[in-house]
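Here is the structure we will look at, set down as structure tokens.
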Amino acid sequence: MKPHFLFPYWFRYLGWGLVIAHVPISIIGRFNGMTNPADNPTAGTALFSGQHLFFMGTSLLMAFGLFLVAFAKERIEDEQIWHVRLESLRWAIYVNYLVLIISLIFINDTGHLLYLNLWVPLIFFIIRFRWVIFRINRSARLEG
Amino acid sequence: MKNNIRVERAIKNITQGELAEQVGVSRQTINSMESNKYVPSTILALKIARVFGKPLEQVFMLEDGD
């Protein structure tokens, strides 16, 4: 099976690097008054204001990092991995829409909903995918 | 779907890793198939049967519920 539209294996490390790098940058920004524009609508309404650019930059850093981690090839990308990948994507979409629908019904805050939608499917996909692969590897180690 | 991969592998005296290499998958995938946790694609099933030099139905067989 030839994997299409996946990043090379080492991109996962680049992805984790971006995700980790976004944490201290966000914390430092927060201490300097750079919050999510949805938290502070008066300061963050202007498009491409400093606050908006900072929020956009850190969010994209995290989302792009998670994207690289989620869609980097495995060392041996065979059909079982492909199967697990598709199953995990399906579960990620289910969870994302469940969270979105519940939030839409019970929370009157569209600013944070967009932010939630940015990382929930990727985080859930990565956790579910890695967990199933961990179980497959453990089973191969114990039985093989 | 059941399979005789473990038996056929013992007859041919090859390891999971060697079979995996010959059919182009990971050792974990061979192990999942032997444990009946993963049903291979037709292409992979045909490749495995070819390594053992046997018809497909002698390596893979349908179960009642299939």
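The values are calculated or read from the model by the stated rules, or taken from the named source; none is laboratory data. Bear in mind that the values here come from a model prediction, so they are computed numbers and not experimental data. All Cβ positions, glycine included, derive from the backbone under ideal geometry; neighbour counts span all protein chains shown. Protein only, heavy atoms only, side chains kept; ligands, DNA and RNA dropped before computing areas. Shrake-Rupley method; radii C 1.70, N 1.55, O 1.52, S 1.80 Å.
Computed 3J(HN,Hα) for region A:96-111, one whole-Hz value per residue from the Karplus formula 6.51 cos²θ - 1.76 cosθ + 1.60 where θ = phi - 60°, is 4, 6, 4, 4, 4, 5, 4, 5, 4, 6, 9, 10, 9, 8, 6, x, glycine and proline marked x. Seen against the Cα atoms of chain A and their longest principal axis, helix A:11-31 is set at about 20 degrees.
Given A:Lys73/B:Lys54; A:Lys73/B:Lys47; A:Lys73/B:Lys12, which pairs have Cα atoms separated by over 28 Å? Table pairs above 28 Å Cα-Cα are A:Lys73/B:Lys54; A:Lys73/B:Lys12. Across peptide B:21-33, the mean count of Cβ atoms from other chains lying within 10 Å of each residue's own Cβ comes to 5. Accessible surface of B:Val7, taken over heavy atoms with a 1.4 Å probe and every protein chain present, rounds to 80 Å².
Fully extending the segment from A:Arg90 to A:Tyr13, taken as 0.36 nm per residue of separation minus the present Cα-Cα distance, adds 25.3 nm. Shielding of peptide A:79-90 by partners, expressed as the average count of other chain Cβ atoms within 10 Å per residue Cβ, is 3.
Just to confirm a number: summing +1 for Lys and Arg and -1 for Asp and Glu over residues other than A:Arg135 whose beta-carbon lies under 14 angstrom from that of A:Arg135, what do you get?
+3
Taking only protein heavy atoms and a 1.4 Å probe, the accessible area of region A:45-144 is 71% carbon and sulfur. Taking every protein chain into account, the 1.4 Å probe leaves B:Glu21 with about 150 Å² of accessible area, to the nearest ten.
Give the shape of region A:1-123 as rounded, prolate or oblate, defined through the alpha-carbon gyration tensor: a ≥ b ≥ c are the square roots of its eigenvalues, a/c under 1.5 means rounded, and otherwise the shape is prolate if a/b is larger than b/c and oblate if not. Judged from the Cα gyration tensor, region A:1-123 comes out oblate (a/c at least 1.5, b/c at or above a/b). Taking the longest Cα principal axis of chain A as reference, the axis of helix A:50-70 is set at about 10 degrees.
Computed over protein heavy atoms with a 1.4 angstrom probe, the accessible surface ordering of A:Ile76, B:Ile43, largest first, is B:Ile43, A:Ile76. From its DSSP helices (H runs of at least four residues, each -39,500 (n - 2.57)), chain A gives a residue-normalised ellipticity at 222 nm of -26000 deg cm²/dmol.
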